[in-house]
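Handing you a structure now.
The values are calculated or read from the model by the stated rules, or taken from the named source; none is laboratory data. Note that the structure is a prediction, hence the values are computed from the model and not measured. Every residue, glycine among them, receives a Cβ derived from its backbone with ideal geometry; neighbour counts consider all protein chains shown.
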Amino acid sequence: MTAQNTSRARLARAIASGGFCGFSPLAPGTVASAVTLLPGALLLHLAPALLPAAALLAALIGLWAIPAANVAGDPGWVVIDEVAGQLVALCGLAAIAPMGLLAAFLIFRVLDVVKPGPIGWADRQGGAAGIMADDIIAGGITAGILWATELRWPGLLH
């Protein structure tokens, strides 16, 4: 393996691990999702139109990083999917508020762990696309729940 390939694999591993959140000894996916709340909230506050673009960018980078890091299966340390999914989930919020952030985090984590319906199906597909897809779907469902909650009970998540 050349030095360039080694450097590329190290970078890919750092990205796939969500900036090393994936190496947390306890609940690496939960840690990555929680850490993602800060930059996601900042984007939601400063440039809400960029939040979906950031989620898409994280997903695309994950699709590159997972195979570039020579990932086999879906190891627990790969959490770039949680980063992308949590960013998608935050797209369902109208504004930053503690209740909304907490709801986005909790709903996303429950869906990601339980994997109902299409989330579980996507998870079983394997490869980089399968690893990324279940969390993107969980994030999308979370965003829909948050959006519907805001419509039905305005201000509840503020």
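So which of V88, V71 is in contact with a helix residue (DSSP H, G or I) (Cβ under 7 Å, 6 or more places away or on another chain), in contact (Cβ under 8 Å) with a residue 12 or more places away in the chain, within 13 Å of A16 (Cβ to Cβ) and aliphatic (A, V, I, L, M)?
Testing whether each residue is in contact with a helix residue (DSSP H, G or I) (Cβ under 7 Å, 6 or more places away or on another chain), in contact (Cβ under 8 Å) with a residue 12 or more places away in the chain, within 13 Å of A16 (Cβ to Cβ) and aliphatic (A, V, I, L, M) leaves just V71.
On the given criteria, is A12 part of a helix (DSSP H, G or I), touching an Asp or Glu at 6+ places or on another chain (Cβ under 6 Å), touching a residue at least 40 places away in the same chain (Cβ under 8 Å) and not charged (D, E, K, R)?
Spelling it out, it is not the case that A12 is part of a helix (DSSP H, G or I), touching an Asp or Glu at 6+ places or on another chain (Cβ under 6 Å), touching a residue at least 40 places away in the same chain (Cβ under 8 Å) and not charged (D, E, K, R).
When the residues of the range 99-158 are narrowed to those that are of a type in the set (S, T, N, Q) and modelled with pLDDT of 95 or more, which ends up nearest to S33 (Cα to Cα)?
T142
Quickly run through the range 35-73 and pick out the residues that are within 22 Å of A104 (Cα to Cα) and either of a type in the set (D, E) or part of a loop (DSSP other than H, G, I, E, B) (or both).
Hit for the range 35-73 is A47, nothing else.
Scan the range 49-60 and give yes if some residue there is among the aliphatic types (A, V, I, L, M) and over 14 Å from V88 (Cα atoms), otherwise no.
Checking the range 49-60: not a single residue is among the aliphatic types (A, V, I, L, M) and over 14 Å from V88 (Cα atoms).
Can I ask one more? If you take the residues of the range 46-61 that are touching a residue at least 40 places away in the same chain (Cβ under 8 Å) and touching a Gly at 6+ places or on another chain (Cβ under 9 Å), which of them is surrounded by the most Cβ atoms within 10 Å (Cβ to Cβ)?
Restricting to residues being touching a residue at least 40 places away in the same chain (Cβ under 8 Å) and touching a Gly at 6+ places or on another chain (Cβ under 9 Å), the top hit is A55.
Also, I was wondering about something else. Restricting to the range 92-115, and then to whatever is free of Cβ contacts under 8 Å to residues at least 12 places away in the same chain and of a type outside the set (V, I, T), can you tell me which residue is nearest to L42 (Cα to Cα)?
Here the answer is P98.
Tell me which residues, restricted to the range 116-145, are in contact (Cβ under 8 Å) with a residue 60 or more places away in the chain and hydrophobic (A, V, I, L, M, F, W, C).
Of everything in the range 116-145, those that are in contact (Cβ under 8 Å) with a residue 60 or more places away in the chain and hydrophobic (A, V, I, L, M, F, W, C) turn out to be A128, A129, I131, M132, I136.
Under 21 Å from A12 (Cα atoms) and out of contact with any Phe, Trp or Tyr (no Cβ under 6 Å at 6 or more places or on another chain) - does that describe any residue in the range 38-46? Can you show your working first?
Let us first name the residues in the range 38-46 that are under 21 Å from A12 (Cα atoms), namely 39.
Filter once more, keeping what is out of contact with any Phe, Trp or Tyr (no Cβ under 6 Å at 6 or more places or on another chain): 39.
Checked the range 38-46: at least one residue is under 21 Å from A12 (Cα atoms) and out of contact with any Phe, Trp or Tyr (no Cβ under 6 Å at 6 or more places or on another chain).
For the range 111-132, what are the residues that are surrounded by 13 or more Cβ atoms within 10 Å (Cβ to Cβ) and within 29 Å of A97 (Cβ to Cβ)?
Answer for the range 111-132, where residues must be surrounded by 13 or more Cβ atoms within 10 Å (Cβ to Cβ) and within 29 Å of A97 (Cβ to Cβ): L111, D112, K115, P118, I119, M132.
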